[in-house]
Amino acid sequence: MNGYEIILKNVTFADPDRIGLRFTYLGEGDVFRIYPQKPVYLRDGSEKINMATKWKVNDGTDEWGVEWQKGHSLGYPITDLEESFEKFVVPDPRAPGRFEGIDEVLSRPEAQGKWIQLNSPYCLFERLHEIRGFENTLIDIYTEPEKIEILLDKLIDFQIGMVEEAALHGKSRIHCFDTTDDWGTQQSLMINPEIWRELFKPRYKKLIDVIHSHGMYLRFHTDGNIETIMDDFIELGVDIINIHQPRLFDIKSFGEKYAGKICFEVAVDIQETLPSGDKVRIEEEVKELTEYWATPHGGMIGCEYRYLEDIGAKHEDLVFAFECFKKYSDLTKRRA
């Protein structure tokens with residue numbers, strides 16, 4: 001089986017030979033990610049376009065009107081829910097140039113038989129607090145839900161536009177739409193789960209239905225303890241859920257509840273295990289994850305966390321984690 005077949009069979013629980021692997025930082029694995037590019041109207045003519053590289057403003061103002069300094073957002077375009085709210089304009093997802101160079105960038109992973117996914121981050125909640133500010137967003141959700149709904153509709157329409165552009169330019173060559181919203185704290189959801197279900201869940205459903213209608217799967221990243229809405233993600237039809245902090249859950253009981261219902265893309269825990277550099281702990285965690293979160297018929301992708309300096313981990317720790325995922329990757333033995 002090639003990488004595409006391995007990932008597809010894990011996502012659909014169709015008896016792959018092994019779990020999937022995504023360790024792009026190490027140049028290893030089954031997955032190839034591509035990224036929308038800076039639209040033509042924002043270019044100065046000197047940029048090199050490469051859809052294998054993420055475009056992001058680290059210093060300056062991005063197309064959403066967010067001010068950035070050294071990769072951190074400092075200024076927000078919606079400073080109130082009156083004048084700046086009324087003037088705010090969502091960028092055009094169909095702006096020329098976002099998918100420039102797609103044929104060239106896809107040729108190599110296609111020749112290698114890779115699973116190809118388009119990364120379009122900051123889906124709803126993350127984009128909302130990027131344009132409004134985190135504290136303001138949390139307050140507005142409770143005090144001005146009607147205004148928040150107006151913004152959420154605009155934001156989900158942007159992501160739907162990105163999906164439709166991916167389908168148009170990708171011509172069925174993009175297998176997966178990849179987006180993000182961090183929802184959990186260490187203990188629980190950042191907002192009341194019922195409010196999440198009222199404001200966010202229907203809009204995720206709208207997006208997911210469009211993704212699936214174009215023959216793509218959804219990979220959704222979310223950090224923190226999101227167990228209170230795991231059943232909702234499954235009900236919505238999320239195909240792959242990316243988790244970097246599995247130690248926030250009881251791995252065994254979490255797997256007993258959800259393994260076989262959704263495909264887990266999971267890293268060695270980035271808060272406790274990977275930064276420890278303890279090879280025994282790393283291997284034991286990988287063994288536990290593959291035992292309880294994968295099934296004999298698939299449902300798991302072992303993945304990396306590439307921002308090693310931020311968590312105090314070393315390159316050699318990541319390499320060892322990859323080797324452990326390979327060591328415990330065989331699913332055929334579990335079907336014997």
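As I understand it, the dipole of the chain uses +1 on the Cβ of Lys and Arg and -1 on the Cβ of Asp and Glu, about the Cα centre. Which of Leu318, Gly224, Val89 lies farthest toward its positive end?
Checked the options; the winner is Leu318.
Which distance in Å, rounded to a whole number, links the C-alpha centroids of the stretch 218-239 and the stretch 277-304?
Cα centroid to Cα centroid, the span is 19 Å.
Counting only heavy atoms of protein chains, what accessible area per residue, in Å², does the chain have with a probe of 1.4 Å?
In whole numbers, the chain has 44 Å² accessible per residue.
Per residue and in Å³, how big is the convex hull formed by the alpha-carbon atoms of the stretch 24-116?
Details: hull volume 12.9 nm³, N = 93.
Here the figure is 139 Å³ per residue.
Going by Cα centres, the stretch 84-106 and the stretch 49-76 are how many Å apart?
Their Cα centres are 14 Å away from one another.
Do you know the relative contact order of the stretch 1-135, to the nearest whole percent, from alpha carbon pairs under 8 angstrom that are 6+ apart?
Details: 183 pairs, mean separation 39.9, N = 135.
Relative contact order, the stretch 1-135: 30 percent.
Give the Rg/Rh ratio for the chain, taking Rg as the radius of gyration of the Cα atoms and Rh as the Kirkwood radius, to two decimals.
On the way: Rg = 19.9 Å, Rh = 20.8 Å.
Ratio of gyration radius to Kirkwood radius for the chain: 0.96.
How do the peptides 131-142, 257-268 rank, highest first, by the average count of neighbouring beta carbon atoms within 10 Å per residue?
Working: 131-142: 17.6, 257-268: 21.9.
By packing density, highest mean first, the sequence is 257-268, 131-142.
Residue farthest toward the positive end of the dipole of the stretch 259-336, with Cβ of Lys/Arg at +1 and Asp/Glu at -1: which of Ile262, Ala336, His297?
Ala336
If you add up the charges near Trp115, with Lys and Arg at +1 and Asp and Glu at -1, over every other residue whose beta carbon is less than 13 angstrom from its beta carbon, what do you get? The partial results should precede the final answer.
On the way: positive: Lys9, Arg22, Arg33, Lys114, Arg173, Arg219; negative: Glu5, Asp30, Glu110, Asp178, Asp239, Glu265.
Summing Lys and Arg as +1 and Asp and Glu as -1 gives 0.
Tally Lys and Arg at +1 and Asp and Glu at -1 over the other residues with C-beta under 10 Å from the C-beta of Arg33: what net charge comes out? Before the final figure, lay out the partial values.
Working: positive: Arg22, Lys54, Lys114, Arg219; negative: Asp178.
My count for the surroundings of Arg33 gives +3.
Just to check I understand the Karplus step: with θ = phi - 60° and J = 6.51 cos²θ - 1.76 cosθ + 1.60, what whole-Hz values come out for the stretch 24-32, glycine and proline as x?
For the stretch 24-32, the Karplus curve yields 4, 4, 8, x, 10, x, 9, 10, 10 Hz.
Let me have the relative contact order for the chain, percent, based on Cα pairs under 8 Å that are six or more residues apart. Present the calculation step by step, with values, prior to reporting the outcome.
Working: 606 pairs, mean separation 66.2, N = 336.
Value for the chain: 20 percent.
Relative to the longest principal Cα axis of the chain, at what angle does helix 279-292 sit, 0 to 90 degrees, rounded to 10?
90 degrees
Counting alpha carbon pairs within less than 8 Å and at least 6 residues apart, what relative contact order, in whole percent, applies to the stretch 199-288? Display every interim value, and only then the final one.
On the way: 88 pairs, mean separation 21.8, N = 90.
Relative CO of the stretch 199-288 lands at 24 percent.
So, with a 1.4 angstrom probe, what is the percent of accessible area on the chain that is carbon and sulfur? Before the final figure, lay out the partial values.
On the way: 7070 of 14840 Å².
Carbon and sulfur atoms account for 48 percent of the accessible area of the chain.
Report, in deg cm²/dmol and to the nearest 500, the calculated mean residue ellipticity at 222 nm for the chain, where each DSSP H run with n ≥ 4 adds -39500 (n - 2.57) and the sum is divided by the residue count. Write out the running numbers ahead of the final one.
On the way: 15 runs with 142 residues, N = 336.
Taken over the chain, the calculation gives -12000 deg cm²/dmol.
So which of Lys114/Lys201; Lys201/Lys261; Lys261/Lys287; Lys56/Lys261; Lys56/Lys87 end up more than 26 Å apart, counting from Cα to Cα? Present the calculation step by step, with values, prior to reporting the outcome.
Numbers: Lys114/Lys201 31 Å; Lys201/Lys261 18 Å; Lys261/Lys287 20 Å; Lys56/Lys261 34 Å; Lys56/Lys87 24 Å.
Over 26 Å apart, Cα to Cα: Lys114/Lys201; Lys56/Lys261.
Report the percentage of all Cα-Cα pairs in the stretch 181-297 whose separation exceeds 18 Å, rounded to a whole percent.
Numbers: 3560 of 6786 pairs.
More than 18 Å apart: 52 percent of the Cα pairs in the stretch 181-297.
Between 0 and 90 degrees, rounded to the nearest ten: what's the tilt of helix 145-170 against the longest Cα principal axis of the chain?
The angle comes out near 60 degrees.
The values are calculated or read from the model by the stated rules, or taken from the named source; none is laboratory data. What you see is a predicted model, and the numbers here were worked out from it, not measured in a lab. As a convention, Cβ positions derive from the backbone with ideal geometry for all residues, glycine included, and neighbour counts pool all protein chains shown. Only protein heavy atoms, including side chains, enter the accessible area calculation; ligands, DNA and RNA are left aside. Shrake-Rupley method; radii C 1.70, N 1.55, O 1.52, S 1.80 Å.
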